[in-house]
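Reviewing the structure listed below.
Please treat every number below as a calculation from the coordinates, not as lab data. Note that the coordinates shown come from a computational prediction; the quantities given were computed from them, not determined experimentally. Virtual Cβ from ideal backbone geometry, glycine too; neighbours counted across all protein chains shown.
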Ligand SMILES: [Zn+2]
């Protein structure tokens, strides 16, 4: 089996594992669901000693850990941490604690967490002895799937620096894995943030996890469309399938997509496009007049349509492996890894 198909399948299996975990916990973890009263008072009792100023590295002013934040975490997040702990224990029991990487993501909460909230959430995680290796907070602004950041970049810069510092301080304060790091959801395509994130990471000497899973699927569709013939037809069929099932596809992603349906062309219109026209509409190049972020987001969440095609999809991936591989390398290495982790920036927004 080709590497691309394997990666796709492992992503599908991971998706299944998450779906199974959701089913066992009555749906996605609800941030608002409170923990039991005894757990709340136990947590507050154990965490109260951390109230007061917390000196952060590379920061002039200490972070003030206030009672209001402790109460907010006890009320809004403790129940979710306990639910995550149940899922964590179940996976650890089946797989062995050393054989998987646990991440807690809070990025779909209704409001962003403050740096203080993050500190107390990590306290709750450590009190449950969960070996969490990455944590994805919600920052202000919108981190939509497959498109650039929308929001106040300078505000994000301050929040990101504080969050990096808080994770480092939490590791010194609590019993948490040494490689615990921030995770960014949705991390792909946030080209306007990578220079800021690179500088902040270099200053803090810290790493992060950038979640980019869906962007590789989009490169597969771009590669298939670019190869023309039956590859292009499959890409068009994915679009048509996704458009006809849009209600079903958007439902799990309402917090992380911003599709304007009036900007989605009909499948008849798209069927008449050349490979280049399809590629230009889908590829994330804001300087290209044909780029359509609404099409891009719809295809992003439409991976299920290809998965249902089974062998037709995977056979074409194998046949057009070369062109897809070069798309994936260009995207992940040149547009994501090099600017974010190595500080190498292209002169213009890459296309
Ligand atoms: Zn997420």
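Of all the options 116, 150, 219, the one that moves most in a Gaussian network model of the chain with Cα springs shorter than 10 angstrom is 150. Counting neighbouring beta carbons within 10 Å and listing from fewest to most, the residues 277, 248 come out as 248, 277. Largest GNM mean-square fluctuation across 96, 241, 258, computed for the chain with C-alpha springs under 10 Å, falls on 96. In this rough spin-label picture, where each label sits 7 Å from Cα along the Cβ direction, the residue 213-residue 100 distance is 1.2 nm.
Fully extending the segment from residue 329 to residue 288, taken as 0.36 nm per residue of separation minus the present Cα-Cα distance, adds 12.7 nm.
Computed over all pairs of different Cα atoms, the Kirkwood value for the hydrodynamic radius of the chain is 21.7 Å.
Among 159, 42, 168, what is the fewest-to-most ranking by other Cβ atoms within 10 Å?
42, 168, 159
Using a Gaussian network model of the chain in which every pair of alpha carbons under 10 angstrom is joined by a spring, one finds that among 186, 244, 69 the greatest mean-square fluctuation is at 244.
A simple spin-label model places the labels of residue 150 and residue 269 1.9 nm from each other, with each point 7 Å out along Cα-to-Cβ.
Extension gain for the segment residue 60 to residue 41, taken as residue separation times 0.36 nm less the Cα-Cα distance, is 3.5 nm to one decimal.
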